[in-house]
Amino acid sequence: MAEKKGLVLEGGAMRGMFTTGVLDVFMENSITFDGMLGVSAGATFGCNFKSKQIGRAIRYNLKYAGDKRYCSFHSLFTSGNLYNADFCYNVLPNQLDLFDYETFDNDPMEFYVGTTNAETGEPLYQKIQNSREGMEWIRASASMPGVSRPVKIGDLTLLDGGIADSVPLEYFESIGYTKNVVILTQPRDFIKPPVSFFPLMKFLLRKYPKLIDAVATRHEKYNKQRKYIFSREKDGAAYIICPEKPLGISRTEKNKNELKRVYDEGRAVAAKHLEEIKKFLS
């Protein structure tokens, strides 16, 4: 059986500009994969890799980062979502900076998103086969707890995939992806601390006790995951791309210079690793 090559993308809100820089370099150099799994910002920005839209993610973020319709306390107070759902998943892709649904759907690469089941606190992964219908799953994957309304899909209540499984390399391996490139948005020596505003989070998520438990132990799961990811790198089964130092960017950054700086860092790191990645995938 042929080896299946995968791409796994961590989230991190606007740290995801690093990822978009990496992905644009991949597209410019015709680097492809059999499948891709994005979590949170890894899903919202990563979908442009399957639709083959070089530069789209950085372009619309530079243009609309300061727009109150995109991300603002005005949106949070009026809609319950810090990142406005209608603007981000309807107005933006359908009117302002068109998402190429047709190319996404016709591209052979499988595309998965990771979410968290709010009722159980467990990770849930979904393969997106129809991009218009899949936008709700992508939205669910990036719906940050405390500043987003849970997303209802059928009988499921979903929130940010990063709560339960921030970097789902183990899951991707379990479904047959044995050679994976993993893009992280924190440097190699990063250790996640416990959530600093847990009492507030506990209050905001009080309807979902198992989700609260998942938030409380998230840092432990994440740090354990990273150990596993780097062990797979040593085994030759994974190639890791990550920032060389902390990105120093706010999760809700609106400064265009900062967004572009982090995007450019992603491009620079990708260019540095390009030949090694080609060798790894071949």
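The values are calculated or read from the model by the stated rules, or taken from the named source; none is laboratory data. The shown structure was predicted, so the numbers you read here are calculated from the model rather than taken from an experiment. Cβ placement follows ideal geometry from the backbone for every residue including glycine, while neighbour counts extend to all protein chains displayed. Note: areas computed on protein heavy atoms with side chains; ligands, DNA, RNA excluded. Shrake-Rupley method; radii C 1.70, N 1.55, O 1.52, S 1.80 Å.
Listed by first and then second residue, the pairs linking a residue in region 55-78 that is within 17 Å of Asn257 (Cα to Cα) to a residue that is basic (Lys, Arg), with Cβ atoms under 6 Å apart and 6 or more places separating them unless they lie on different chains, are Leu62/Lys256; Ala65/Lys254; Gly66/Lys254. One residue alone among Phe99, Phe104, Phe26, Phe18 is in contact (Cβ under 8 Å) with a residue 40 or more places away in the chain, in contact with a Pro (Cβ under 8 Å, 6 or more places away or on another chain) and in a helix (DSSP H, G or I), and that residue is Phe18. Check Asp86 against each of (1) within 18 Å of the chain's Cα centre (by Cα); (2) open to solvent by 30 Å² or more (accessible area, probe 1.4 Å); (3) over 26 Å from Leu169 (Cα atoms) and name the one condition it does not meet. The single condition Asp86 does not satisfy is (1).
Scanning region 15-43 for residues that are of a type outside the set (Val, Ile, Thr) and under 10 Å from the mean Cα position of the chain (by Cα) turns up Arg15, Gly16, Leu37, Gly38, Ser40, Ala41, Gly42, Ala43. Every listed requirement among (1) over 14 Å from Thr20 (Cβ atoms); (2) outside any helix (DSSP H, G or I); (3) open to solvent by 20 Å² or more (accessible area, probe 1.4 Å) is met by Asn81 save one, (3).
Kindly state which strands (runs of 3 or more DSSP E) lie completely within region 128-201 and contain at least 3 residues that are surrounded by 19 or more Cβ atoms within 10 Å (Cβ to Cβ) and at pLDDT 95 or above.
156-160, 177-183
Taking the criterion of being surrounded by fewer than 24 Cβ atoms within 10 Å (Cβ to Cβ) and aliphatic (A, V, I, L, M), the residues of region 24-49 that qualify are Val25, Met27, Ile31.
Of all residues in region 169-197, those that are over 22 Å from Met17 (Cα atoms) have Cβ atoms under 7 Å from Cβ atoms of residues that are β-branched (Val, Ile, Thr) and surrounded by 12 or more Cβ atoms within 10 Å (Cβ to Cβ), 6 or more apart or on another chain, in Phe172/Val8; Val195/Val215.
Determine whether Ile58 is β-branched (Val, Ile, Thr), in a loop (DSSP other than H, G, I, E, B) and touching a helix residue (DSSP H, G or I) at 6+ places or on another chain (Cβ under 9 Å). It is false that Ile58 is β-branched (Val, Ile, Thr), in a loop (DSSP other than H, G, I, E, B) and touching a helix residue (DSSP H, G or I) at 6+ places or on another chain (Cβ under 9 Å).
Residue by residue, here is whether (1) among the aliphatic types (A, V, I, L, M); (2) assigned to a loop (DSSP other than H, G, I, E, B); (3) in contact (Cβ under 8 Å) with a residue 24 or more places away in the chain holds:
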residue: Phe230; (1), (2), (3): no, no, yes
residue: Gly236; (1), (2), (3): no, yes, no
residue: Asn257; (1), (2), (3): no, no, no
residue: Arg261; (1), (2), (3): no, no, no
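Against the conditions (1) closer than 19 Å to Ser143 by Cα; (2) in a loop (DSSP other than H, G, I, E, B); (3) open to solvent by 20 Å² or more (accessible area, probe 1.4 Å); (4) in contact (Cβ under 8 Å) with a residue 40 or more places away in the chain, Lys52 satisfies every one except (1).
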